[in-house]
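Heads up, the thing below is written out as structure tokens.
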Amino acid sequence: MKDFRAPVNGVDGDSASALVAVSKSQGAQTIRPDSVSRLVGALLDDHAAVVGRVRSVIRSRLPVYRSVADEALEAELEWVLRSAVGGREALHEPQIAGLAAICEARARDGVPVDDMLRAWRIGVEVVVECAREAARRLGVDDARVLELVQSALAWSDIAMATSAKAHRRTERALALEAEESDAEFVRGALMGSLPVAELRMHAELRGLDPGAEYVAVRARLGGDGPHLRLEQSLGFQDPAHSRRGLCALLDGDLAGFLIEPPRDVEGVVGFGPPRPLTRLSESYRMAARALVTAEACGLRGAYDIAALGLRTAVAIDADVGELLRKRYLEPLSVGGSSRELIATVRTYLACGMHVERTATRLFVHQNTVRYRLARFEELTGASLRDTEVVTEVWWVLELAAMRL
């Protein structure tokens, strides 16, 4: 007889013993013909051999079960055998709890729910074979064998449905645990809050090269679809390739790191320069700045600071922007022609400070352009022939066009 005092897959020894005891008592309470009772008794007396056969066939057909410990699998199979032949077609609370513990253990072992259900069917087949063999030895007629089989199948059908629900519930819980664990690792790596040894360990556990360089990314979640689509666009969800990085939700955005910069991205994404995991926070800081700038400029796609240039500083340095706004834009409100003057100066700078090209683009006379430029200089007290002034005017006009 198997010793049930040891813990079995999350059910302690006392609980396992109690479950077996409940199965025994329920079988004794069921009123059956003597021949069926003798058949059940024979199966239970020979439970070690029956369980051994079931275990052997399951492992031969389902390789995933070969990693399950012998003691755990045998204890589970014996408990299921006693419950199935107990003569009751309904599940009671102790049985439901026992099934839940078994299914949780198998889910944590990585046994898929389909394989678990196949193992159930295999077990039923083997037990039916054992029942027929025992019936022949005991001289029990086929009608009584059928009675036992039908009773066991009825219990098994209900148990399989209950087990599938418990397994899927555990799978969802495990997936959530893994997602939360990944998110903690991603946040720690991006913020630079994890020790070096812990960074390497977590990277290896997740199939990432701890010695490689990664680019940090931060993407704005749009309202046009779930973040899974954005993850796929960035390359985080690519079943055709090995894992290229990890991502998580961070302050309402999708943040993470990839082995290479994203390409052909839907949405607005900022990415940083390649950095080792130990310096990933540097890359993430620049990725966040690139995202803010790209969004402020109304851009779509993936950008880094190199592609955005000085506009990154324009978007981030609010103090400088406010000083330049007061110096160059506030004075233009005199006379109510500020929009016209700003549009002319912006076009003038975009045309390489060429009056003729500016006039052509604005559909006005060249003298009109010259007048507006002179008026701008008069109101601001600045000369557009001064390189520093031109730089500051460009800065404040870029800032005025941004959506911050």
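Comparing Leu250, Leu373, Leu43 in a Gaussian network model of the chain, where Cα atoms under 10 Å apart are tied by springs, the biggest mean-square fluctuation is seen for Leu373. Ranked by the mean number of other Cβ atoms within 10 Å of their residues, highest first, the peptides 52-59, 67-74 fall in the order 52-59, 67-74.
Once fully extended, how much extra length lies between Ser193 and Arg108, figured as 0.36 nm per residue of separation less the alpha-carbon to alpha-carbon distance?
On the way: separation 85, 0.36 × 85 = 30.60 nm, distance 2.95 nm.
Gain on stretching Ser193 to Arg108: 27.6 nm.
Calculate how large, on average over all directions, the projected area of the Cα convex hull of the range 201-306 is; give the answer in nm² to one decimal.
Answer in nm², one decimal: 6.5.
Largest first, the three principal axis extents of the alpha carbons in the range 54-178 are 55, 31, 22 Å in whole numbers. Between Gln366 and Ser383, full extension at 0.36 nm per residue minus the direct alpha carbon distance yields a gain of 4.3 nm. The GNM of the chain, with springs linking C-alpha atoms under 10 angstrom apart, assigns the highest mean-square fluctuation among Glu231, Glu392, Glu295 to Glu392. In the chain, helical runs assigned H by DSSP with n ≥ 4 each contribute -39500 (n - 2.57); averaged across all residues and rounded to the nearest 500, the mean residue ellipticity at 222 nm is -20500 deg cm²/dmol. Paramagnetic label reach from Arg327 (point 7 Å along Cα→Cβ; backbone nitrogen cut-off under 11 Å): within the range 383-404, residues 383, 388-396. Dividing the radius of gyration of the alpha carbons in the range 317-401 by their Kirkwood radius gives 0.95 for Rg/Rh. Potential lengthening of the chain between Glu125 and Glu231 amounts to 33.7 nm, from the contour at 0.36 nm per residue minus the alpha-carbon distance. What percentage of all Cα-Cα pairs in the chain are separated by more than 35 Å? Considering the chain, 56 percent of its Cα-Cα pairs are separated by more than 35 Å. Separation of the range 45-114 from the range 150-204 is 21 Å, based on Cα centroids.
We did not get these values from a lab; they are worked out from the coordinates using the rules stated. Predicted, not measured: the structure shown is a model, and the values here were computed from it. Reconstructed Cβ throughout: ideal geometry from the backbone, glycine too, with neighbour counts over all protein chains shown.
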